[in-house]
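Everything below concerns the one structure shown next.
The values are calculated or read from the model by the stated rules, or taken from the named source; none is laboratory data. Values in this document were obtained by computation on a predicted structure and should not be read as measured data. Glycine also receives a Cβ, built like all others from the backbone with ideal geometry; neighbour counts cover every protein chain displayed.
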Ligand SMILES: *Cc1c(COP(=O)(O)O)cnc(C)c1O
């Protein structure tokens, strides 16, 4: 519920339990929620009662996560079949249900603040929509989001309140931070954050690494202790951190490939040993345009600052817009597989890692439809806008527009 620790640091589990070996012997017979339930109960112990935890996990994973072989030995884990068409649905839906589990009428509503520059707003709003005892405020910068990204949280209504800020994303993020530090707000109501620094959004992302392994064994007929290489398209490194935690729980991963676009602070760190964050630049894989990834400190801590140990598990590569576009073109026209820029970056990372012969799993984090314009331009096809509403079917926009100041935000939250 706290989001950030009181000293400004990020939370991590106190201990990371190892999964019994027998689990992996049976993993290929298990469904995604079955696997997720076992992993979560090991992590959370008795914190949440078994029946409640089971319901939270099963509700979270109520959509498909297929593993598709796009070239011999090269698998795409499609994490984008959730309601907002990006992998962030997994973390956001779990977080929403856990917060709802701990909220009671006596404590009053839990007020969730989230600043978004794109995909997080939709995933969080959708995850919390209709969840009793919660109210969600989505702060987004005026005129920066794509129409589809915006529709995902402005058309819901009920307990979801979009707030357009007359400023940029940094203003939104600053206002959220200021709100947490404001004594009057804290005394009067329960406030929490739903961004990726919240550990509760990160832990459930471990689920699909285990599930991917289960599907991988099924597809390849390999034995349960054979390792696999997994390529992760990285921005704030939340997804990668979850994978590393899964490996700590004994998931047999030989290597994680860190696939960056030109915002490659972490890939450069892996080759030089020096971490030099820089200002982010705009690329076609825009959800990974992060100059100073927030989960870097978590990864250092997990490896106790041991660079050699970290290098044994991780290998980094970065790719330009041109390279990403060429991969998308090739994947469609040679392999018949449609991707978007983030998945294509992960694919390139996997192919660049020669030690595994370019084989393994890459994570497809968003649906191609979420980036229709870019995909159509690069691949040269017309896509159907599946899943969008017909004209006349749109719901009313619930929206307020405010100045980029804490006092403006407070007026809204408190009334
Ligand atoms: C957020 C996002 C990423 C980056 O994930 P991190 O956990 O921030 O590293 C990659 N791809 C897509 C589509 C995203 O929305």
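Look at residue 297 and say whether it is farther than 19 Å from residue 267 by Cβ, within 16 Å of the ligand (Cβ to nearest atom) and either touching a helix residue (DSSP H, G or I) at 6+ places or on another chain (Cβ under 9 Å) or at pLDDT below 95 (or both).
So residue 297 fails the test.
The conditions are (1) crowded, with 19+ Cβ neighbours inside 10 Å; (2) more than 19 Å from the chain's Cα centre (by Cα); (3) over 21 Å from residue 404 (Cβ atoms), and residue 163 fails exactly one of them. Which is it?
(3)
Are there any pairs, at least 6 apart or on different chains, whose C-beta atoms fall under 6 Å, with the first in the range 291-302 and more than 18 Å from residue 3 (Cα to Cα) and the second part of a helix (DSSP H, G or I), and if so, which?
302/244
Restricting attention to the range 64-83, and to residues there that are outside any strand (DSSP E or B) and away from the ligand (no atom under 16 Å from the Cβ), which single residue is surrounded by the fewest Cβ atoms within 10 Å (Cβ to Cβ)? I'd like the intermediate steps shown before the answer.
Taking the range 64-83 as the starting set, the residues that turn out to be outside any strand (DSSP E or B) are 64-66, 72-73, 79-83.
Going one step further and asking which of them are away from the ligand (no atom under 16 Å from the Cβ), we end up with 64, 66, 72-73.
Numbers: 64: 10, 66: 12, 72: 6, 73: 15.
Residue satisfying both the conditions and the ranking: 72.
Return the total of residues in the range 252-278 being without any contact (Cβ under 8 Å) to a residue 60 or more places away in the chain and on the phi < 0 side of the Ramachandran plot.
17
Does the range 345-352 contain any residue that is in contact with a helix residue (DSSP H, G or I) (Cβ under 7 Å, 6 or more places away or on another chain), touching a residue at least 12 places away in the same chain (Cβ under 8 Å), more than 16 Å from the ligand (Cβ to nearest atom) and within 22 Å of residue 86 (Cα to Cα)? Steps first, please.
So in the range 345-352, the residues in contact with a helix residue (DSSP H, G or I) (Cβ under 7 Å, 6 or more places away or on another chain) come out as 345, 347-348.
Next, only the ones that are touching a residue at least 12 places away in the same chain (Cβ under 8 Å) stay: 345, 347-348.
Going one step further and asking which of them are more than 16 Å from the ligand (Cβ to nearest atom), we end up with none.
Within the range 345-352, not a single residue is in contact with a helix residue (DSSP H, G or I) (Cβ under 7 Å, 6 or more places away or on another chain), touching a residue at least 12 places away in the same chain (Cβ under 8 Å), more than 16 Å from the ligand (Cβ to nearest atom) and within 22 Å of residue 86 (Cα to Cα).
For residue 24, work out the one condition from (1) within 16 Å of the ligand (Cβ to nearest atom); (2) surrounded by fewer than 21 Cβ atoms within 10 Å (Cβ to Cβ); (3) in a helix (DSSP H, G or I) it doesn't fulfil.
Only one criterion in (1) within 16 Å of the ligand (Cβ to nearest atom); (2) surrounded by fewer than 21 Cβ atoms within 10 Å (Cβ to Cβ); (3) in a helix (DSSP H, G or I) is unmet by residue 24, namely (1).
Looking at residue 406 and the list (1) over 24 Å from the mean Cα position of the chain (by Cα); (2) at pLDDT below 90, which single condition is not satisfied?
Unmet for residue 406, out of (1) over 24 Å from the mean Cα position of the chain (by Cα); (2) at pLDDT below 90: (2).
Do you know which residues across the range 319-339 are touching a residue at least 40 places away in the same chain (Cβ under 8 Å) and closer than 20 Å to residue 234 by Cβ?
Start the filter on the range 319-339 by keeping residues that are touching a residue at least 40 places away in the same chain (Cβ under 8 Å), which leaves 319-321, 324-325, 328-329, 331-333, 335, 337-339.
Residues satisfying the conditions are 319, 320, 321, 324, 325, 328, 331, 339.
Take residue 283 and tell me if it is in contact (Cβ under 8 Å) with a residue 60 or more places away in the chain and either part of a loop (DSSP other than H, G, I, E, B) or within 16 Å of the ligand (Cβ to nearest atom) (or both). Please lay out each step first, then the result.
Numbers: in contact (Cβ under 8 Å) with a residue 60 or more places away in the chain: no; either part of a loop (DSSP other than H, G, I, E, B) or within 16 Å of the ligand (Cβ to nearest atom) (or both): yes.
No, not satisfied.
Working only within the range 252-279, note down all residues that are over 11 Å from residue 316 (Cβ atoms), out of contact with any helix residue (DSSP H, G or I) (no Cβ under 6 Å at 6 or more places or on another chain) and part of a loop (DSSP other than H, G, I, E, B).
252, 262, 263, 274, 276, 278, 279
Of the residues that sit in the range 218-237 and are under 15 Å from residue 28 (Cα atoms) and buried (at least 16 other Cβ atoms within 10 Å of the Cβ), which one is nearest to the ligand (Cβ to nearest atom)?
Taking the range 218-237 and keeping what is under 15 Å from residue 28 (Cα atoms), we get 218-228.
Now narrow it down to the ones that are buried (at least 16 other Cβ atoms within 10 Å of the Cβ): 224, 228.
On the way: 224: 28, 228: 20 Å.
Among those that are under 15 Å from residue 28 (Cα atoms) and buried (at least 16 other Cβ atoms within 10 Å of the Cβ), it is 228.
Pick out the one residue from 203, 215, 240, 245 that is touching a strand residue (DSSP E or B) at 6+ places or on another chain (Cβ under 7 Å), part of a helix (DSSP H, G or I), under 30 Å from residue 260 (Cβ atoms) and within 15 Å of the ligand (Cβ to nearest atom). Break it down into steps so the answer makes sense when it comes.
Numbers: 203 fails: touching a strand residue (DSSP E or B) at 6+ places or on another chain (Cβ under 7 Å); 215 fails: within 15 Å of the ligand (Cβ to nearest atom); 245 fails: touching a strand residue (DSSP E or B) at 6+ places or on another chain (Cβ under 7 Å).
The match here is 240.
Looking only at the range 328-344, count every residue that is more than 15 Å from the ligand (Cβ to nearest atom), out of contact with any strand residue (DSSP E or B) (no Cβ under 8 Å at 6 or more places or on another chain) and in a helix (DSSP H, G or I) and tell me the total.
The number of residues fulfilling the criteria is 5.
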